[in-house]
Each structure stands twice: as structure tokens, then as C-alpha cells.
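Quick notes on the structure that follows.
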There are 2 protein chains.
Amino acid sequence: MINFHTSPDKYKHWKLSFDGLVATLSMEVEEDQTLAEGYKLKLNSYDLGVDIELADAIQRLRFEHPEVRAVVLTSLKPRIFCAGANIYMLGTSSHAFKVNFCKFTNETRCAIEDDSLHSGRRYLAALNGTASGGGYELAIACDEIYLVDDGNSAVSLPEVPLLGVLPGTGGLTRLVDKRKVRRDRADVFSTLAEGLKGKRAKEWGLIDDTFPTSKFEQSIAARVKEVTQAASLRASESTQANSPGYNSGVKLTPLQLESTEDTRTYKYVNVKLNREKRYADLTMRGPDSDLPTTADEIQKLGDAYWPLQAYRELDDALLHLRVNEPEIGLVCLRTEGKLDDVLALDKTLAALHDHWLVREILLYMARVLRRLDLTAKSFFALIEPGSCFAGNLLELALASDRSYMLNNPDESNEIATSQLNAGALPMSNGLTRLQSRYISDPDRAETLLKSESSFDVEAADEAGLVTFAPDDLDWEDEVRMAIEERTSLSPDALTGMEASLRFAGPETMDTKIYGRLTAWQNWIFQRPNAVGPQGALTNYGKPTQAQLDYKRT
Amino acid sequence: MINFHTSPDKYKHWKLSFDGLVATLSMEVEEDQTLAEGYKLKLNSYDLGVDIELADAIQRLRFEHPEVRAVVLTSLKPRIFCAGANIYMLGTSSHAFKVNFCKFTNETRCAIEDDSLHSGRRYLAALNGTASGGGYELAIACDEIYLVDDGNSAVSLPEVPLLGVLPGTGGLTRLVDKRKVRRDRADVFSTLAEGLKGKRAKEWGLIDDTFPTSKFEQSIAARVKEVTQAASLRASESTQANSPGYNSGVKLTPLQLESTEDTRTYKYVNVKLNREKRYADLTMRGPDSDLPTTADEIQKLGDAYWPLQAYRELDDALLHLRVNEPEIGLVCLRTEGKLDDVLALDKTLAALHDHWLVREILLYMARVLRRLDLTAKSFFALIEPGSCFAGNLLELALASDRSYMLNNPDESNEIATSQLNAGALPMSNGLTRLQSRYISDPDRAETLLKSESSFDVEAADEAGLVTFAPDDLDWEDEVRMAIEERTSLSPDALTGMEASLRFAGPETMDTKIYGRLTAWQNWIFQRPNAVGPQGALTNYGKPTQAQLDYKRT
């Protein structure tokens, strides 16, 4: 079982150090500390275990070290920054694992960009050696890339020429969409196994600058100084940087979790696996009514504050289901609690959104909900009396492929919108889930937000907020049949269908990475030319040569 | 060998009839007239042969019947409009054929929407019986959908529940992006094998209206009348409808073509296959200098007018290479002729763009160039002395993955922009190819258009219009090595790479269909759950049940 919990004292592959406003994240992969057997992590190549640490480090930077303004990614090994995802690991992994591995690493790189965009931390890739494949894709997720000019070190995406697969962590999309490298140059670069060195790499826009070995460290230091000075100037005017507690951060303590073979019980999140029927029940308990309403008190609560703790638990549950429970095809989402308590909480969060911690919490909630949107499992929201699908928790229903709301005249059953449905928790395509739902009628999303009231079953159905509203006589049968039907369908067809229906409207670099690039990569990961007995990925490093079927499809 | 040439007198599956401003395109598929063996086209199901006729009919409508303002798509069979792509055909086809089949049918549906958007013909799907799968996807490519209310007829997308694949012709994307069906309803509809009938289908936005059997024909006729009356009103003010020759159209005569085992020679397009080396040379001869400059003369020339004839030939050559030459992985594009002749032609086309025929020609040129963008082969433009990569033909170089321009001080070698590079020939993503190339520097595309001059090798290289400019000593070796290297790479990885690098910037419904939906479908078309010995597609109609591996990926 793969465990996503870690913390800096347990890191095997990264060193995280701090110096005032600067954090340095140094890669020194322990080649024997692999997540599975059968490969060694040479040359700072990585497996999922290495990336789980990276994701944790980025998350902790945001909560535990909000004062940090510049993050330097570099390597402690000579002449190599990072050789990318380990090829032998990929070659020996199942298709499903490869896909999930790429998805998680993509989310980690998007988290870097989310931090840069929303929290203003600037990421600098200090490439003290070659960055190839996923190594360069990690660099290109940073804001700035500097490459040592030592006559040898290069940046490269050798996947197509060497392995017959794509750079799977957003590289192709970021080349043309983020760094806006000319498409013909991107074509040349992506088919050039040895990549490009300093001068040409800079000319083509693949890196921002190159420095000779003797001046590399001081040049990076000089650039970091510029970044932090500019940040300090901005900070003097920033409500963020002046909000209380900014310089102390909030500690992310280990999640408490009890698990049995069929259950996974956190404090606010509960997962029950119905393995034979291939679905899981995931219930999220809403906040209590006595939550603090001031920033000071919230910071004192720290990671025990409901939105942070509950969403950390949800995040962990989603990752667990993705990677460790592949046969679970459907997740039934429920909530428990009081609408008013969620609405009161959302009001606090909205009112304090300028406070650094509240801001980070909201950004994190948004990332977790996006993780749900991008999970290759069906989601049904089951809205029953005693539930609290309001505001931030209403997003769970809106993110679901369908929602069922129990219509029993004898029991109150309501849902409600809050300010947080208006833009604080956007999808990867930049829309809110309400905008996405009412793409045929954009005014409707606005009206529903203005109503500031709760919706009973009839009103919710009328407003189009739920898919079905069976009465209490039909409820059990209808839900049971929907579950049975869903879990009987081809899991592959469902994954492709959901990836198409969930993202109506605009596309962004993120959705292009998850929807276009990933889908092509998944296709290629199935093709004999990559993974067949004589495929390029299978044959990498072997004395035999790959045998390709040259038919173009 | 699959032949894309046809004409109404040869149609086996469609009847095309005219009544004033109205064309009726009626489907009556001959079940025995299949393109391959092993299946029967029951229930108006289709194979590529049926779609080649449909594509031809739509193309002819635009050129031969410009006066038509409403096109009714219907069926001559009782109780069935169209059952979609033939499942046994799909089940027995190679992966490559399935993919190419879906791409062509997608292009045909996009051509319907292109006609509606740009030429104002309104397409009405008159569903006199059930439209399932590709049948409903054909309907959803139309502007309006009417379904008979006979107690039986339904619209449906049964691919996911019955076949374990996706609706492969844009259906999922058009559901949520074109008809803006609520995503949870789209989810229910797309997993419901039997689909939805009149009232609910209308309520959910899947159709525009439903009429009882007894009133179906007259209701369609009434709606057609509304459409043509509105069109006539608009026509009185339209320069299009008042341009000379509008009511007579231009006849599309059969393309003349000589072919040998290794060559394909049209009048202006020449294809030479280097099968052992897996690449083709495609040379396009530019226009002569004595082309007409008035609309009357152009209409007199009809389909012998260079832009129409040359692009029809290019279109046919591309389709041929795609479907009949799968091992050809690279196409080297050359042109022959005088820059000035192309520029003079482009000037005429730009000046007369309000004339109906010139407008149709420009829209067609744009579609052919988009067909090139979407072809799963690499393209290298080879720009040598004697070539004429100017204006519309410069688009060939801009559409290529790379371009090589020969730098020989003793021979003049130039390229040039024209007005037609400024927006008349857009890519599927809505950008011009110059905008796409200079996505890092949008002003540059503008400046290059304003310069209105030709670029010699140095200027072209300086401006970033070409990838490489080898001198005459290196030319032969460099081109040869580039060809050898390209054709040695994994064809699957190249397809995925090109699909990512060619489309920087915005996405549209079209690019979502080709880039996101198609990639997922291709993946699913490889998965054992669909095409394995016990997969759902393989097992359809057999007494055995499909056996699915329920692991979610």
C-alpha cells in the first residue's frame, strides 16, 4: 500500500533548508530507497516516493513558512540536476500505476504554479547539471530556469526519441503554452535525445539564463536577492505579509487515521469500501458550531481548524482510493452536519480571506476539489436528511457526476449556496462549478448565489442543483440500482466519458495537460511500440534493440 | 485501397434532392454495399463509404447549390434515422482504421458546422425514427434537431453502456459545449443504453422539439419555411446572395489523377512515395500568371480555377496518405512556381472575398489546411529555389512541424506573406498559423503581415519564419539526416507529440473534439475492455458476455 504521509524529518530524497525569505529544496535521491523493487534511482531519477516528498515540501512551505518568498530547486549531486522519472520503474509498472504516477506528479507541478500564481512565492530552478525528461519538466514548472554552462550540462526531453513515449508531466504543453517556445523549435527540441546546452537553450527560450560553473552559485544568489528584495518592497504594502502570524506559520501535524480492511476513519472523513460491489462510501462531517471567527483564534487552532483538517483528510482519502483501490470505480459522497454551521464557517473564511492563513486554506480547499475533479472514478452525491451540502461542501455535490436528493415530506433536507461558491474554489478550467453547471444559462449561477438562502428538495430540483430527487419510497431502490448500473460499466469508457463531460467550456494550460496531453500519453502507454515486449520503453537499457511497427495512427 | 472520390450519381446510401432553397439529404443505407467484408449496414448504420458520400454531398451543396439555405437531414427507412457507426465494422477493423475512420467522420461533422457558421446554411435533423450513437452525433452536428414522437423513437448515445467505448464523433463534447446540456444530465444520458424519448429529450436540451407522427412532416416543413423566409429576408441585403453566379453554382468535376505504385500525379499536386524510407514527397505547383481577376471569369473557370483545383487535389492526397499509406510517417512539402503569381492570386481572392464563390473557395482552402494540421504524420517544409511559399502556400510551411530553407548565395530563394495569412485560413483553435507561431510575441505576426514584402533566407531566418537555413554545402546531408531521424522515431509518440505542440494557445470545441475526446477514445480503442477477446466491443451481438477488468485507470 502506498502511503502519502511524510514530513521533512522523514525525507529520504530531498533536503529542505531555510535562510530568511529563501527556501532551498535540494534533490539528492537515495538510489536504494525506492517505493518498489527492481530498479535503482540513479542520477536523481525519481519514483512516486520521491514526488510524495516534493509535494509535501511544497505544501509545508505554504503553511509552515509563509514568509518564504523565493524557493530554489537544485541538486546536491554533481553534474546532474534530475534525470526525470526512473525509466526502469516505468518499464516495470502496470499501465494503471504509470497513469496514476503521472497524474500525481502533474498535480505536484501544478501545485508549484498555484503557489507562484496565488501566494507569490517565486520558484527558481538552479540547474547545476543536466535536467532531462521529468527533470526538465520540473524546471519548467518553476518561474525561472538557470542552467550551468560547464560544457556538458543540458536540458532535454528525450522521451520521444529514446523511449517512444511522451514527456508525461506537462512538458510539451508548457513548452508551447507557458514558455511559448516556437512550435518548430519545440518539435526539434522534443526529438533531440541529447537536448540543448546553455547558449542555444537560452536563445530558444528553454531556459532564462546560463552561467559558467565558476559563477553559477553567485549568479543564482544574486537573482534570489533581487527576487526577495522586490518581494520585501511589495510586502510592505501587502495585507498578507502584515497579517498576524505570518512569520510563524502553522505546523502540519500527522493526520490521525484508523483503518481496517474495509474502512478508513479520519476525524472528519470516513471511507467505507464495498469492494465486492466496487464502490466506496465517503462521508465528510461538517464543522462544529463553535468555530472561531477571528484570525488569531484560527491561527491558534492551526491544522485542527476544520477546513484545513477536513480537506487534508479528504485529500488523503482521494489519493488512497486512486492508487490503492483501483477496483473501486464509484465513490458515493455524503455529508453530515448542519447547513448553518457550514454557512457560518464560509462566512468567516470569506470575511478573513485576506489573512495569510485563511487564504492558504482556501487555496488548498480549491486544490483538493480539483483533485476530486481529476480523479478517474465516478462520484455520486447522496443528499439525505442530516447532511450539510452547503457552501464549500456543496462543491462536493457540484463536482459529482450526479446527485440524488431524498424527497421525504416528513424530514427536512436542504442544500445551500455561500459566497465560497462564487469563485474561491475554481475548477482547473477557471470556471466555478456553478458556472460549469449552468453553462447554458450563466445568469442562473449568479442568481443562485444572490439568493443567499437554502433550497429544499423542490427548490433544488427546480433550480437544477440536483440530478434526481426520488421520494422516500423509491430512494433506496433508485440509489442501489444507480450504483449497480454504474459499477457494471466499462471503467475505461467511464474515465474517458467523465474526462469529457466534467470540463465543458474554456480550457487552460492545466486542463490541456490533464485532458489532451495525458490522454495521448495514456494511449501511448498502451501501445506495443512503447510497452510491448520489443517496445522502446521496455527495451531501454537492454542490449536488444526496440522493434517498432511504423504504421502511423 | 480506399477512394474518396464520389458524386451524387454514384451515391449508394444517400439521396440528395432539391426544392428551391431547400435541400434534403436522405439516408437509405444499402446494407450490402459495404466498404469491406464481414458486416451488413443494417438500420442505417454506416461505414466510411457512407460518410465519404455525406462529405461529398456537403461539399457539393456549397459549390454547386449556393442558393440552398436549409438542409434537411432525414431517413428514408421507417422508424430509424440512423444507428450510428456499424459496430461489427468497428469490431473487425484495425486500431489504425478505427482512428482514421473517426477522424474523417469528425471532419465531416465539423464541415457541416463550418457551412452553417460561415455560409449560413441551416441544417435541420428531422429524426423520423431513432438516432442512436453516431446517428445522434450526426444530428447534434446540425443546428436544429426534431424527433418524432411515436412512442418508440429516441435519441441515445449507447456507446459507454453497450460497447465500452466513447461516442467517437464529437458527441460528448457537443453535448456539454454546443448544446450546453447540464453535465449531470449528460452523464445520465451517456450511460443510458435506451436513450431518451421526445418530452424528456426536449426538457434536457437534447433535441429542439418533438412532434407526433401525424404532424411530423408538416411541422418540419413549417420550420423549414421559417428558416428559408428569414434567409430570403437576409439575402436581400447580402452581397453574397447578390453576387453573380450565385444561383447557378459551380460544378465539381471528377479530379484527374494518374497513379503508379509509387506516385500519384494530379495537375498541380504530385506525390512520390519513398516507401522503404517511410516518407513521401508532396509537391504543390503554384498558380500560373494569367489567372483571372474578376468574379465572372473565375466563375467561368469554375473548378479549374487554381485555388479550387489545387486544394481539392491536396485534400485528396492527404486523405489518401492517411488511410492508404499508414507506413508513411513523414511528408516533405515542396512548392514550385513564382512568388509573385501566388501573391497576385491572393490579392484577387482577398479583393473578391465577398463574392460567393471566392468565399467558398477560401473557406475550403482553410478546411484543407486544417485537415493537414490534423493529419497524424510529420510534415517538413523544404524551401528551395524555384519554390513559391507565399501567402496561401506559405501556410503549408507554417503548418509544418519544421521548415528547412536552402541558403545558397548564388540562387534567389524567398518566401512571402500576403493578406491571406492574416485570418482567412484559421487553424481549428481559431488562431492564424502566424499567431500560433509567434504566440510569444503577438506583435510580430502583425508586423510581418504589414511588411508586404518577401523574405530572403537571412530575413526569413531572422524573422523566425523558418526553422533551419542550411547552406548549399550542408543542405543535402542535413535534410537527409533529418528525414532519417524522423522516420526512425516511434510513430505513436510522434502523433501524441505533434497533437500537443501544434495547438498552442486557445482551445475550441473543434480542438477539444480532436485533441481531448479523440485521444481518450484512441486510448479506449486500445484497451482490452473494449477490443480484447472478451471486450465489450468485440463481444457485441455475440452470445458470450463481455468480461471486464474493473480496475479504474
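The values are calculated or read from the model by the stated rules, or taken from the named source; none is laboratory data. Note that the structure is predicted; figures quoted are calculated from it, not measured. Counting neighbours? That spans all protein chains shown, and the Cβs are built from the backbone with ideal geometry, glycine included. Heavy atoms of the whole protein, side chains included, go into the accessibility calculation; ligands, DNA and RNA do not. Shrake-Rupley method; radii C 1.70, N 1.55, O 1.52, S 1.80 Å.
Here are the numbers for this structure:
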| read-out | value |
| --- | --- |
| Number of the exception - A:LEU318 against (1) touching a helix residue (DSSP H, G or I) at 6+ places or on another chain (Cβ under 6 Å); (2) farther than 22 Å from A:LEU252 by Cβ; (3) within 14 Å of chain B (Cβ to nearest Cβ); (4) open to solvent by less than 20 Å² (accessible area, probe 1.4 Å) | (2) |
| Unique match (being open to solvent by 10 Å² or more (accessible area, probe 1.4 Å) and under 16 Å from the mean Cα position of the chain (by Cα)) among B:GLU137, B:GLU159, B:GLU107 | B:GLU107 |
| The range B:101-117: number of residues that are under 19 Å from A:THR553 (Cα atoms) and of a type in the set (Asp, Glu) | 1 |
| Any chance A:THR173 is over 30 Å from A:GLY120 (Cα atoms), hydroxyl-bearing (Ser, Thr, Tyr) and facing another protein chain (nearest Cβ under 8 Å) | no |
| So B:GLU462, is it under 27 Å from A:ALA536 (Cβ atoms), open to solvent by 10 Å² or more (accessible area, probe 1.4 Å) and at pLDDT 95 or above | no |
| Some residue of the range B:263-274 being surrounded by fewer than 17 Cβ atoms within 10 Å (Cβ to Cβ) and within 14 Å of chain A (Cβ to nearest Cβ) | yes |
| Failed item in (1) at the interface with another protein chain (Cβ under 7 Å from one of its Cβ atoms); (2) open to solvent by 20 Å² or more (accessible area, probe 1.4 Å), with B:ARG480 passing the rest | (1) |
| Any hit, the range A:15-37, residues being aliphatic (A, V, I, L, M), under 23 Å from A:GLY91 (Cα atoms) and touching a Gly at 6+ places or on another chain (Cβ under 8 Å) | yes |
| Residue ID - nearest to the chain's Cα centre (by Cα), chosen from residues in the range B:426-476 that are assigned to a loop (DSSP other than H, G, I, E, B) and away from chain A (no Cβ under 14 Å) | B:PRO426 |
| Candidate set from the range B:496-509 (those that are outside any loop (DSSP other than H, G, I, E, B) and open to solvent by 10 Å² or more (accessible area, probe 1.4 Å)); member that is nearest to the other protein chains (Cβ to nearest Cβ) | B:ALA499 |
| Residue match in the range A:438-449 (condition: farther than 18 Å from B:ARG185 by Cβ, modelled with pLDDT of 95 or more and not hydroxyl-bearing (Ser, Thr, Tyr)) | no |
| Test for B:GLU360: is it surrounded by fewer than 24 Cβ atoms within 10 Å (Cβ to Cβ) and on the phi < 0 side of the Ramachandran plot | yes |
| Top-ranked residue of the range B:435-455 - restricted to ones that are among the charged types (D, E, K, R) and more than 17 Å from B:GLU395 (Cα to Cα), ranked as least open to solvent (accessible area, probe 1.4 Å) | B:ASP441 |
| Condition met for B:LEU473 (within 29 Å of B:ASN106 (Cβ to Cβ) and aliphatic (A, V, I, L, M)) | no |
| Residues of the range A:182-197 that turn out to be facing another protein chain (nearest Cβ under 8 Å) and either of a type in the set (D, E, K, R) or buried (at least 24 other Cβ atoms within 10 Å of the Cβ) (or both), as a count | 7 |
| Criterion: more than 14 Å from chain B (Cβ to nearest Cβ), at pLDDT 95 or above and out of contact with any Asp or Glu (no Cβ under 9 Å at 6 or more places or on another chain) - qualifying residue of A:PRO254, A:PRO212 | A:PRO254 |
| Output for the range B:428-467, where each listed residue is within 16 Å of B:ARG402 (Cβ to Cβ) and charged (D, E, K, R) | B:ARG433, B:ARG437, B:ASP461 |
| Looking only at the range A:378-425, and only at residues there that are of a type in the set (Asp, Glu) and outside any helix (DSSP H, G or I), the one that is surrounded by the fewest Cβ atoms within 10 Å (Cβ to Cβ) | A:ASP410 |
| Qualifying position, being in contact with a Lys or Arg (Cβ under 6 Å, 6 or more places away or on another chain), over 29 Å from A:LEU163 (Cβ atoms) and not charged (D, E, K, R), among B:TYR438, B:TYR540 | B:TYR438 |
| Any chance B:THR487 is more than 7 Å from chain A (Cβ to nearest Cβ), modelled with pLDDT of 95 or more, open to solvent by less than 30 Å² (accessible area, probe 1.4 Å) and within 21 Å of A:PRO167 (Cα to Cα) | yes |
| Top-ranked residue in the range A:109-166 [being touching a strand residue (DSSP E or B) at 6+ places or on another chain (Cβ under 9 Å), in a helix (DSSP H, G or I) and within 14 Å of another protein chain (Cβ to nearest Cβ); ranked as nearest to A:HIS65 (Cα to Cα)] | A:ILE140 |
| Hey, A:GLY205 open to solvent by less than 10 Å² (accessible area, probe 1.4 Å), within 14 Å of chain B (Cβ to nearest Cβ) and modelled with pLDDT of 95 or more or not | no |
| Which listed residue is of a type in the set (Phe, Trp, Tyr) and more than 14 Å from chain B (Cβ to nearest Cβ), from A:TYR305, A:TYR279 | A:TYR305 |
| Failed criterion for B:ASP354 (all others in (1) open to solvent by 20 Å² or more (accessible area, probe 1.4 Å); (2) over 30 Å from B:ALA376 (Cβ atoms); (3) modelled with pLDDT of 95 or more hold) | (3) |
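Residue-by-condition table, conditions (1) closer than 22 Å to A:GLY195 by Cβ; (2) open to solvent by 20 Å² or more (accessible area, probe 1.4 Å):
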| residue | (1), (2) |
| --- | --- |
| A:LEU16 | no, yes |
| A:LEU21 | no, yes |
| A:ASP32 | no, yes |
| A:VAL68 | no, no |
| A:LEU90 | yes, no |
| A:ASP115 | no, no |
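Here is a yes/no grid of residues against (1) open to solvent by 10 Å² or more (accessible area, probe 1.4 Å); (2) of a type in the set (Gly, Ala, Ser); (3) outside any loop (DSSP other than H, G, I, E, B); (4) facing chain A (nearest Cβ under 7 Å):
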site: B:THR511; (1), (2), (3), (4): no, no, yes, no
site: B:ARG516; (1), (2), (3), (4): yes, no, yes, yes
site: B:TRP520; (1), (2), (3), (4): yes, no, yes, yes
site: B:GLN526; (1), (2), (3), (4): yes, no, no, yes
site: B:PRO533; (1), (2), (3), (4): yes, no, no, no
site: B:GLY541; (1), (2), (3), (4): yes, yes, no, no
site: B:ALA546; (1), (2), (3), (4): yes, yes, no, no
